[in-house]
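All of the numbers you see were taken from the coordinates with simple rules; none came from a lab. These numbers come from a predicted model, not from an experiment. With ideal geometry, Cβ positions are generated from the backbone for all residues, glycine too; neighbour counts draw on all protein chains shown.
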Amino acid sequence: MIRVQDLRKSFGTLTVIDGLNFEVKKGEKLALIGPSGSGKTTILRILMTLETISGGRIEVAGEPLYHMQKNGAEVPANEAHLHKMRRHIGMVFQHFNLFPHKTVLQNITLAPMLTKGESRANADKRAGELLEMVGLSDKAGHMPSQLSGGQKQRVAIARALALNPEIMLFDEVTSALDPELVEEVLIVMKRLASETDMTMLLVTHEMSFASDFADRVLFFDKGKIVESGPPEQIFKNPQEERTRTFLRKII
Ligand code: ADP
C-alpha cells in the first residue's frame with residue numbers, strides 16, 4: 001500500500017529524514033515510535049502531501065506520490081495528481097483541527113459534499129453512522145467548543161473516515177488530551193483497527209497502546225529506522241541498544 005524508498009527531507013540545513021526505506025502492506029497497522037524530533041510527524045505529513053520531499057520516492061497504492069515520470073525524468077507532481085492521491089489517505093492530528101464555526105455534523109459532511117460531490121442526504125446518513133461508531137450520535141448539532149477534547153478527537157476521526165480513505169494516519173492523537181480522556185479515543189481506534197481492513201499508521205507515545213494496536217512497530221531515531229518488528233519483539237526483546245535506552249526512559 002505504501003512504499004518509501006531512500007526518502008530524504010531537510011528543513012534548510014537541518015536533515016530530518018535521512019535515507020528512509022520501509023513498506024506497509026494493505027491492512028497493516030504500523031506504530032511509529034521514537035524520541036521527540038526524530039522525524040515521525042514529518043513522515044506522516046509527507047504522506048499526507050503537507051510537506052514536500054528533498055529526495056527519494058514514495059508510492060501509494062502503486063503510484064508515485066510526489067513525482068511523476070515524464071520522458072524518463074522525475075518532475076514534481078502537479079496539483080491534480082496530488083488531489084487524486086490525497087483521496088487514498090486520511091489524517092487525524094494532535095490538535096483536532098475541527099472547523100470551529102461548523103456543527104459536528106457539518107464538520108463531517110463538508111469534505112464529502114465539496115470534494116466528492118455527495119448529496120447532503122447521503123453525506124448526512126454516512127455522518128450519522130460514523131457518529132454512532134465513535135459514540136457521539138447525540139452531539140451532531142453541537143459546536144466543537146461545546147465538546148470535551150476526547151469528544152473533539154472522536155469527531156476528527158469520524159471526519160477523516162467520511163472520505164473512505166484506504167489509509168489512515170494518526171499523529172499523536174491523544175497527547176493533547178487530559179489523561180482521563182485518552183481511553184475513550186483509544187477505544188475507538190482499537191475498534192477501527194480490529195473491525196476494518198484499513199491500513200493504519202500511528203505515531204504515539206503510548207507504548208501500551210502501540211503494543212495492542214500494531215502488527216509492526218518501527219523505532220525511529222534521528223530520521224532513520226533503528227529497529228522494526230512485531231510489538232512483542234520491540235517491547236519485550238529489543239535488539240538494539242538505542243531502542244532499549246529509549247524504552248527504559250519512557251516506560
Ligand atoms: P517527531 O514527530 O519525531 O517529534 P518531527 O517530525 O515533528 O519529529 O520533527 C523532526 C525535526 O524536524 C525536529 O527537529 C523539528 O524541529 C523539525 N521540523 C519539523 N517541521 C519543521 C518545519 N516546518 N520547519 C523547520 N523544522 C521543522
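Based on Cβ point charges of +1 for Lys and Arg and -1 for Asp and Glu, what charge dipole magnitude is obtained for the chain about its Cα centre, in debye rounded to the nearest 20?
Numbers: 32 positive and 31 negative charges, 96 e Å.
Roughly 460 debye for the chain.
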task = Note down the nm distance, to one decimal, between modelled labels 7 Å out along Cα→Cβ at residue 247 and at residue 233.
result = 1.2
query = Quick one: Karplus J couplings for region 211-217, per residue in order, coefficients 6.51, -1.76, 1.60, θ = phi - 60°, nearest Hz, x for Gly and Pro?
reply = 5, 6, 7, 8, 7, 8, 10
key: Inter-centroid distance (Cα atoms) of region 197-226 relative to region 70-139, Å   = 24
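Between rounded, prolate and oblate, where does region 1-147 land on the alpha carbon gyration tensor, with a ≥ b ≥ c its root eigenvalues, rounded for a/c under 1.5, else prolate if a/b exceeds b/c?
Here region 1-147 falls in the prolate category.
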ask   = Considering the dipole of region 94-228 built from charges on the beta carbon (Lys and Arg +1, Asp and Glu -1) around the Cα centre, which of 109, 213, 202 is farthest to its positive end?
value = 109
task = Normalising by the residue count of the chain, find the relative contact order in percent from Cα pairs under 8 Å and 6+ residues apart.
result = 26
note = region 152-180 and region 4-55 have their Cα centres apart by a whole-number Å value of 19
remark   = For region 16-105, the dipole about the Cα centre with charges only on Cβ (Lys and Arg +1, Asp and Glu -1), to the nearest 20 debye, works out at 340
remark   = In terms of the charge dipole of the chain, which places +1 on Lys and Arg and -1 on Asp and Glu at the beta carbon, the residue among 176, 91, 131 farthest towards the positive end is 91
task = Quick one: which residues, 5 or more positions from residue 90 or on another chain, have an amide H under 5 Å from its amide H? H modelled 1.01 Å from N in the peptide plane, none for Pro or chain starts.
result = 167, 168, 169
remark   = One finds, for residue 222 and residue 178 with R0 = 25 angstrom and r their Cβ-Cβ distance, a FRET efficiency to the nearest 0.05 of 0.20
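Got a sec? How would 110, 169, 50, 136 order by Cβ neighbour count within 10 Å, fewest to most? Walk me through the numbers before you get to the answer.
On the way: 110 16, 169 24, 50 13, 136 21.
Sorted ascending by nearby Cβ count, the order is 50, 110, 136, 169.
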Reach of residue 29 by Cα under 17 Å, taken over aspartates and glutamates that are not fewer than 8 positions away in the same chain = 166, 171, 172, 195, 197, 206, 212, 215, 227, 232
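Given Cβ point charges of +1 (Lys, Arg) and -1 (Asp, Glu) and nothing else, what value in debye, to the nearest 20, does the dipole of region 87-173 about its Cα centre take? Could you put the intermediate results ahead of the total?
Numbers: 10 positive and 8 negative charges, 47 e Å.
Charge dipole, region 87-173, about its Cα centre: 220 debye, nearest 20.
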task = Please work out whether the chain counts as rounded, prolate or oblate from its C-alpha gyration tensor, where a ≥ b ≥ c are the square roots of the eigenvalues and a/c under 1.5 means rounded, while otherwise a/b larger than b/c means prolate and anything else oblate?
result = oblate
note = Residues meeting the amide H criterion for residue 56 (H placed from the backbone, H to H distance under 5 Å, 5 or more places apart or on another chain) are 8
query = Residues with amide H under 5 Å of residue 16's amide H, sequence separation 5 or more or different chain, H placed in the peptide plane at 1.01 Å from N; which?
reply = 9, 10, 11
remark   = Nearest-0.05 FRET efficiency for residue 125 and residue 82 at R0 = 35 Å, using Cβ-Cβ distance, is 0.75
Per-residue [θ]222 nm for the chain (sum of -39500 (n - 2.57) over DSSP H runs n ≥ 4, rounded to 500) = -11000 deg cm²/dmol
request  = Determine, for 126, 244, 154, 120, the number of other Cβ atoms within 10 Å of each Cβ, and report the residues in order from fewest to most.
outcome  = 120, 244, 126, 154
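For 204, 115, what's the fewest-to-most ordering of other Cβ within 10 Å of each Cβ? Walk me through the numbers before you get to the answer.
Details: 204 23, 115 12.
Least crowded to most crowded, the residues run 115, 204.
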